[in-house]
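Below is one structure, written out as structure tokens; comments come after it.
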Amino acid sequence: MATSTATPREITRVQPTRRNTELGLMVLAFIIGGYAMFNTALASGEGIDNELWIALAVLAGVGLVGHLAVRFLAPYAEPIMLPTAYLLNFLGLVMIYRLDIAEAQRAQENASPEPTPAVLGQLTWTIVGILLVALVFLIVRDHRKLQRYTYISLFIGVVLLLLPLAPGIGETINGATLWIRIGSLTFQPAELAKIALTIFLAGYLVTKRESLKVVKNKFLGVPLPRGRDLGPLLAGWLLAMAIIAFESEIGTAVIFFGLFITLLYVATQRRGWVLLGLIFAATGAVFAYLAFSHVRVRFEIWLDPFADAEGTGFQVVQSLFGLANGGLLGTGWAQGYPQLVPFANSDFILASFGEELGLTGLIAILLLFGILVQRGLRTAVACRDVFGRLLATGLATVFGLQVFVVAAGVTKLIPMTGLTTPFMSAGGSALIANWIMIGILLRISDVTRRPDPVVTSPDDALTQVVRL
């Protein structure tokens, strides 16, 4: 009697990748951005010239490159994150272009040399950023391998934070020592430090979360961790205070400490970490106010910007006037005066949108950011490994905290911190870091949604199970 030599077979069910959905959303994002750019060009009197067509062609091409990179290198990634980031980036370019026109018109009226358009540099960094998404896919085939570099990421993150303090390359711009200059190129290494420290925290908490869950005492019914487990929280607090003290930067300190608290809570599910984090944050705020003059100035401007409306409060006052001028529906593209606000294309770009698109347009932009954060958190929830869950949560938290701090500062809900709006504000450092974070999130999503092969015997019915 013959013996069967058939071997088991590995079969993978064909799962919809939803790449066509992503392509459709990319086209829609391009149409919205293109309409805004045409509207701006016509309303400002610049007209539609060859340079505008070239810019649109470049944006269409780079958007297609981003989509193809996902289609072929991360085919199972979720389909909404890339078009949302692309649309935000596109709208930011349109507003920077609109402000460049205003600056050129002002220079012409004053018989001054025409300034170099900031939109050209931003368009260049957009191309670099989206190409870096493809590079992330090529380098990081599986996000779980990043856990091997937990402490290397800590070292890299700390070095990046310290670089602006190095003699010769460190540079202070607008009172903050966050920049390095190499030749004519300036860069803000703290933006990349966010990514490195998020990887470190995710890897560290994977191994330490069980001990950090241990409850020692309770306060008002809230379980508190043991004193010897306060090391991560204390380290995060000291790092934030060091950034405020030595680099005169509040926003970056807020983001880092907020990230520490969020990941500690997600890893342990203990409310005590949130309570202790709020106590540390309040203590740090009081100490910073008493010890550092630049922090006191920010608080005084926040409490009463009109006390020195022509001096230290000028930026916030002009921003509030612009938002009031925009009202509910806005003045329309190129019909307002956002250029009257200092740094309107970077720190206060949301105020520029609020004036020309109104409260309605500003809410729509905030909803786009909400979608971006929600997709990041959804990726974290669906992720099957703890490291990927914490990493996705951390990256989504960085986006969410940054948008909240910027929007709250522009509307005078909290003191201004000097942060830029992700994807929209002028500046290559932040834009590159934001696109790298999108690339990592898409890779986590791709690995999470990728169907597992099912080994079947040739004599068995083909039964396939796919994780959605």
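Structure values in brief
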read-out: Subset of region 325-347 (residues that are of a type in the set (A, V, I, L, M, F, W, C) and farther than 24 Å from Val297 by Cβ); value: Leu328, Leu329, Trp333, Ala334
read-out: Selected residue (criterion: surrounded by the most Cβ atoms within 10 Å (Cβ to Cβ)) from residues of region 436-455 that are at pLDDT 55 or above and farther than 20 Å from Thr84 by Cβ; value: Val447
read-out: Top-ranked residue of region 116-155 - restricted to ones that are open to solvent by 80 Å² or more (accessible area, probe 1.4 Å) and among the β-branched types (Val, Ile, Thr), ranked as farthest from Gln188 (Cα to Cα); value: Ile139
read-out: Candidate set: region 26-39, residues that are buried (at least 19 other Cβ atoms within 10 Å of the Cβ) and either more than 22 Å from the chain's Cα centre (by Cα) or not small (Gly, Ala, Ser) (or both); chosen: the one nearest to Asp49 (Cα to Cα); value: Met37
read-out: Matching option when the condition is open to solvent by 80 Å² or more (accessible area, probe 1.4 Å) and part of a helix (DSSP H, G or I), among Val286, Val317; value: Val286
read-out: Inter-residue pairs, beta-carbon under 7 Å, first over 10 Å from Leu59 (Cα atoms) and open to solvent by 10 Å² or more (accessible area, probe 1.4 Å) and in region 82-93, second of a type outside the set (Val, Ile, Thr) and not in a helix (DSSP H, G or I), 6+ apart; value: Leu91/Met424
read-out: Tyr76 hydroxyl-bearing (Ser, Thr, Tyr) and touching an Asp or Glu at 6+ places or on another chain (Cβ under 7 Å); value: yes
read-out: Tabulated pairs, region 333-351, first among the charged types (D, E, K, R), second in a loop (DSSP other than H, G, I, E, B), C-beta under 8 angstrom, 6+ apart or interchain; value: Asp347/Met416; Asp347/Gly418; Asp347/Leu419; Asp347/Thr420; Asp347/Ser425
read-out: Members of region 289-314 found to be surrounded by 13 or more Cβ atoms within 10 Å (Cβ to Cβ), free of Cβ contacts under 8 Å to residues at least 24 places away in the same chain and closer than 30 Å to Leu238 by Cβ, listed by number; value: Tyr289, Arg296, Val297, Glu300, Thr312
read-out: Out of Ala433, Ala408, Ala426, sole residue that is small (Gly, Ala, Ser) and either modelled with pLDDT under 90 or crowded, with 24+ Cβ neighbours inside 10 Å (or both); value: Ala426
read-out: Any pair with Cβ under 9 angstrom, 6 or more apart, that starts in region 362-390 at a residue that is closer than 26 Å to Leu328 by Cβ and ends at one that is of a type in the set (Ser, Thr, Tyr) and in a helix (DSSP H, G or I); value: Leu368/Thr84; Phe369/Thr84; Ile371/Thr84; Leu372/Thr84; Val373/Thr397
read-out: Extreme residue, surrounded by the fewest Cβ atoms within 10 Å (Cβ to Cβ), among residues of region 236-276 that are without any contact (Cβ under 8 Å) to a residue 24 or more places away in the chain and more than 24 Å from Ile180 (Cβ to Cβ); value: Val274
read-out: Out of Arg106, Arg98, sole residue that is among the basic types (Lys, Arg) and either within 16 Å of Phe423 (Cβ to Cβ) or open to solvent by less than 30 Å² (accessible area, probe 1.4 Å) (or both); value: Arg98
read-out: Given (1) touching a helix residue (DSSP H, G or I) at 6+ places or on another chain (Cβ under 7 Å); (2) open to solvent by 30 Å² or more (accessible area, probe 1.4 Å); (3) under 25 Å from Leu340 (Cβ atoms); (4) hydroxyl-bearing (Ser, Thr, Tyr), index of the condition Ser44 fails; value: (2)
read-out: Which numbered condition Tyr76 misses (of (1) out of contact with any helix residue (DSSP H, G or I) (no Cβ under 6 Å at 6 or more places or on another chain); (2) among the aromatic types (Phe, Trp, Tyr); (3) touching a residue at least 40 places away in the same chain (Cβ under 8 Å)); value: (1)
read-out: Number of the condition not met by Asp347 [criteria: (1) charged (D, E, K, R); (2) more than 14 Å from Val406 (Cα to Cα); (3) not in a helix (DSSP H, G or I)]; value: (2)
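The values are calculated or read from the model by the stated rules, or taken from the named source; none is laboratory data. Just so you know, these numbers come straight off a predicted model, no measurement behind them. All Cβ positions, even for glycine, are placed from backbone atoms using ideal geometry, and neighbour counts span all protein chains on display. Heads up: the accessible areas ignore ligands, DNA and RNA and are worked out on the full protein's heavy atoms, side chains in. Shrake-Rupley method; radii C 1.70, N 1.55, O 1.52, S 1.80 Å.
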